[in-house]
Amino acid sequence: MTTQTILDVKGLSTTFARGNSALKAVRDVSFSVREGEVLGLVGESGSGKSVTLRSLLGLSRRYGKVSGEVRWMGQNILSLPERKLRPIRGGEIAMIFQEPMTSLNPLLTVGVQLTETLKAHTDLGRAARRARAIEMLDHVGIPDPASRLDAYPHQFSGGMRQRVMIAIALAAEPKLLLADEPTTALDVTIQAQILDLILSLADEMNMGVILVTHDLGVVAQTCENVAVMYAGRIVEQGPVRQVLRAPRHPYTEGLMRSVPQDVPPRTQLYSVPGTPPGLDACLPDAPLRRAARM
Ligand code: ADP
Ligand code: MG
C-alpha cells in the first residue's frame, strides 16, 4: 500500500534577532510526513523542536525570520498570507501542547471552546456542533460528557484537561496533529494512557502525527520514523529501528543509553504486568501500582 505524503518540509530555517546577533533556532531542516504516519521528533531542551512546529504553522514568522518550504498537500503554506493560513491551522493541521492550561481558555467552558473550533473549521449547525462536542468528549474518555460541556478547565484533573485539549484539537478531524511534548506535565501512569489515546485516535482517523518528545523510549515504542534534532539541525533521521540500532550521531548514541533496546514500532506502551497484590499481602519492597486518577 502506498500512502501519500501530506507534509513535505524543505530547508526550513528560523532565525530570531538577539540584540546585535542572530539566534539560528532552526537550521535547514527537511523532513516529510505521510498520511497516517507517526514521526517522532526528539532532541534535548532548546534544540529547536517547538520552534520547528510553530514555524510549520506560520506562527514563528511573527517573531523571527522563516525561510524554506513547508509543502502541505502540495502547496507551500509559508507563502500564504495569514488569512489563508488560518483555516489550515487548527483545521487541517492541529496542535496540542505540553501544558493544557496555557492553551485552554480558563474563562470559557470546554463546551464553548469545542464548539468554537467546530464553528471555525466545519459547516456544522448549532445543534450538530453540540452533538459533535459531546461525541468528542466521550471519544477521549471523559465520563458524563453532556454535563461536562458546561465545566471550566480548572474543574478537570491534569489528565482530563489533556483529554479535553485532545478533543478540541481533533474535533475538526485534522489530517495532521502536531503534538509538542503532550504528556510531559503528567504523571507516568497518565502519560501512557494519553499517548495511547492520541495514537489510537490517529490510527482510527488515519491522521499523521509529529510527536515531539525528549524521551527516545516513547519514540521507540510508538513511532515509525524519527528525526533527531541537535542545536537547530536534524542530525539524524530514518526508520526508528534503523536509527536506534545504528545511531550515526554521537548525540543520538548518548540519548540512547537510557532507552530500552529492540522494541518494535507501535508496540503497546509498557505497563506493569500482573495484578497488584492484595492490600493484606506482605510485600514491603514491591512497587506500588498507582491507581489512575482518571
Ligand atoms: P525545544 O527543542 O526545547 O522545543 P525551542 O524550539 O523552544 O526548543 O527553542 C529553540 C531555541 O529558540 C531556544 O534557544 C529558545 O530560547 C529560542 N526561542 C524560541 N522561541 C523564541 C522567540 N520567540 N524569540 C527568540 N528566541 C526564541
Ligand atoms: Mg519545546
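Remarks
- Scalar couplings 3J(HN,Hα) for the stretch 225-242, obtained by applying the Karplus form with A = 6.51, B = -1.76, C = 1.60 to θ = phi - 60°, are 10, 9, 10, 9, 9, 8, 6, x, 10, 8, 8, 7, 7, x, x, 3, 5, 5 Hz; x denotes Gly and Pro.
- Percent of beta bridges antiparallel (DSSP, the chain, rounded to nearest 5): 55
- Dividing the summed -39500 (n - 2.57) terms of all DSSP H runs of n ≥ 4 by the residue count of the chain sets its mean residue ellipticity at 222 nm at -9500 deg cm²/dmol.
- Normalised contact order of the chain, rounded percent, pairs of Cα under 8 Å and 6 or more residues apart: 23
- The amide H of residue 230, built 1.01 Å from its N in the peptide plane, has 235 as neighbours under 5 Å, considering only residues 5 or more places off or on other chains.
- Karplus (6.51, -1.76, 1.60) ³J(HN,Hα), θ = phi - 60°, over the stretch 190-201, in Hz, Gly and Pro reported as x: 6, 3, 5, 5, 5, 5, 4, 4, 4, 6, 6, 5
- The phi-based Karplus calculation (6.51 cos²θ - 1.76 cosθ + 1.60; θ = phi - 60°) puts the 3J(HN,Hα) values of the stretch 112-117 at 5, 5, 5, 6, 4, 4 Hz, whole numbers, x for Gly and Pro.
- Taking amide H positions as modeled 1.01 Å from N, with prolines and chain starts lacking one, the residues under 5 Å from residue 40 and 5 or more places away or on another chain are 211, 224, 225, 226, 227.
- All Cα-Cα distances of the stretch 5-233, cut into 5 Å bins from zero to the largest, leave 1, 7, 14, 18, 20, 16, 12, 7, 3, 1, 0, 0 percent in each bin in turn.
- From the Kirkwood radius over Cα pairs of the stretch 1-139, Stokes-Einstein at 4 °C and 1.567 mPa s returns a whole-number translational diffusion coefficient of 76 µm²/s.
- Residues whose amide H falls under 5 Å from that of residue 29, counting only those 5 or more places apart or on a different chain, are 11, 12, 13, with hydrogens built in the peptide plane.
- Cross-link partners of residue 49 among lysines (Cα-Cα below 24 Å; sequence separation of 8 or more within a chain): 10, 24, 65, 175
- For the stretch 88-145, applying the loop criterion from DSSP together with a ceiling of 12 other beta carbons within 10 Å to the trypsin sites (Lys or Arg not before Pro) yields no site.
Computed from the coordinates by the stated procedures, all read-outs in this text should not be read as laboratory data. Every value quoted in this text rests on a predicted model; they were computed, and no experiment measured them. Backbone-built Cβ (ideal geometry, glycine too); neighbour counts: all protein chains shown.
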